[in-house]
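Everything below concerns the one structure shown next.
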Amino acid sequence: MHLTQRQLKIFVALSHALSFSRCAEQLHVTQPTLSKIVREIEEVIGVQLFERTTRMVRLTAEGAMLLPIASRMIENYEAGLAELQGFAKGHAHTLAIAATPSCAASLLPGCLKRMRTGFPDLRIAVHDVSAEQTLELLRGRKVAVALTALLPGLMNDKDLEAVELMTDTFVLVASAHSQLELEGKIWSETVLGQLPIITMPRGTSTRLALDLSLLDDSATCSQMLELRDLVTIKKFVECDVGVAVLPELAARLITDDKIKVIHLQDAPKRSLGVVTRRGETASMICNKFASCIRQISSPDARELG
């Protein structure tokens with residue numbers, strides 16, 4: 001015997017209400033019916049979920065551990081049902097996208113403006129999150145497509161399908177009045193080791209690409225300052241606290257007359273692309289989005305931008 005969606009919802013509802021009378025009223029069932037359903041759930045799972053007396057109801061230790069699992073199962077079911085309903089309606093007016101912040105800021109505005117011209121009733125949801133989170137949202141069916149850095153191993157992922165759009169070269173970002181003369185020098189641990197480096201924290205796709213480019217990062221780690229927010233990085237660079245190492249797409253977002261970008265030879269690159277769930281037929285909207293984002297991210301379009 002398996003738990004039904006209704007039984008899971010009743011378990012979660014009672015976990016929050018901690019009152020059989022209040023929960024029964026919320027669910028429009030009688031208290032005896034609610035008690036019977038809870039006993040059935042406990043029999044299926046094989047553990048007691050609630051401690052109950054005439055005066056109070058509370059979760060057991062096992063019940064507290066199972067609550068987030070049940071909540072996640074309900075959430076995933078409802079997300080899948082919403083997607084199924086959207087597909088049944090032609091999936092023609094909804095587009096949910098997960099994108100890294102630099103991709104969202106640099107590539108999405110122009111693309112979505114074009115999309116809305118062709119689909120004036122289009123409903124758009126954008127999640128600007130880390131590269132890792134874009135894939136989590138995609139796996140969890142919260143979005144239909146991810147615009148993100150292509151992390152190592154993604155091309156061989158059995159559940160996701162990635163198509164590279166462009167490469168994004170790493171650059172140095174310094175204050176406009178700094179005396180650094182590094183333009184055109186060769187990227188190396190020696191060059192970076194002489195600088196007070198500012199970069200993204202470990203665990204981000206930007207930092208991973210940077211670390212993979214350095215055979216021995218011991219020379220840079222002692223002077224490396226980790227900051228996540230681009231606005232914060234910009235302020236630190238303006239005040240000559242350090243030199244930021246960023247992908248050029250991110251660097252463009254903070255470049256102005258107080259900031260300059262320095263290009264090094266043989267600088268590492270990161271791959272950016274569109275990721276979808278493998279084996280699924282893409283909706284017309286997703287196909288239009290993929291085509292549009294390819295045009296926006298083409299070298300010619302970036303030069304014009």
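For the reader, a short list of remarks on this structure follows.
- Here Ala104 meets the list (1) surrounded by fewer than 21 Cβ atoms within 10 Å (Cβ to Cβ); (2) at negative phi; (3) not assigned by TED's automatic domain parsing to the domain that holds Val275 almost entirely, failing just condition (3).
- Tabulated pairs, the range 56-71, first over 15 Å from Ile41 (Cβ atoms) and in the same structural domain as Ala17 (by TED's automatic domain parsing), second modelled with pLDDT of 90 or more and crowded, with 16+ Cβ neighbours inside 10 Å, C-beta under 8 angstrom, 6+ apart or interchain: Arg58/Phe50
- When the range 194-209 is filtered for residues that are among the hydrophobic types (A, V, I, L, M, F, W, C) and modelled with pLDDT of 85 or more, the ones remaining, listed by number, are Leu195, Ile197, Ile198, Met200.
- Selection from the range 174-187 of residues that are surrounded by 16 or more Cβ atoms within 10 Å (Cβ to Cβ) and closer than 18 Å to Asp266 by Cβ: Leu182, Lys185, Trp187
- Condition met for Glu75 (of a type in the set (Asp, Glu) and either assigned to a helix (DSSP H, G or I) or under 36 Å from the mean Cα position of the chain (by Cα) (or both)): yes
- Any hit, the range 146-153, residues being modelled with pLDDT under 90, surrounded by fewer than 14 Cβ atoms within 10 Å (Cβ to Cβ) and not in a strand (DSSP E or B): yes
- Scanning the range 1-31 for residues that are in a helix (DSSP H, G or I) and among the hydrophobic types (A, V, I, L, M, F, W, C) yields Leu8, Ile10, Phe11, Val12, Ala13, Leu14, Ala17, Phe20, Cys23, Ala24, Leu27.
- Residue pairs meeting the criteria (Cβ under 8 Å; at least 6 apart or on separate chains; first assigned by TED's automatic domain parsing to the domain that holds Lys260 and at positive phi, in the range 169-193; second in a strand (DSSP E or B) and charged (D, E, K, R)): none
- Qualifying position, being modelled with pLDDT of 90 or more and farther than 24 Å from Ala96 by Cα, among Val191, Val143, Val173, Val126: Val173
- Hey, Leu137 without any contact (Cβ under 8 Å) to a residue 60 or more places away in the chain, assigned to a helix (DSSP H, G or I) and in contact with a helix residue (DSSP H, G or I) (Cβ under 7 Å, 6 or more places away or on another chain) or not: no
- Whenever a residue of the range 252-276 is under 16 Å from Thr169 (Cα atoms) and in contact (Cβ under 8 Å) with a residue 12 or more places away in the chain, its partners that are surrounded by 18 or more Cβ atoms within 10 Å (Cβ to Cβ) and acidic (Asp, Glu), lying with C-beta atoms within less than 8 angstrom and at least six residues away or across chains, give the pairs Val261/Glu248; Lys269/Asp168; Arg270/Asp168; Ser271/Asp168; Leu272/Asp168.
- Residue that is surrounded by the fewest Cβ atoms within 10 Å (Cβ to Cβ) [pool: residues in the range 37-55 that are polar (S, T, N, Q) and modelled with pLDDT under 90]: Thr54
- Within the range 154-187, the set of residues being part of a strand (DSSP E or B) and not β-branched (Val, Ile, Thr) comprises Leu160, Glu161, Ala162, Glu164, Leu165, Met166, Asp168, Phe170, Leu172, Ala174, Ser175.
The values are calculated or read from the model by the stated rules, or taken from the named source; none is laboratory data. Computed from a prediction, not measured in an experiment: that's the story for all the values here. All Cβ positions, glycine included, derive from the backbone under ideal geometry; neighbour counts span all protein chains shown.
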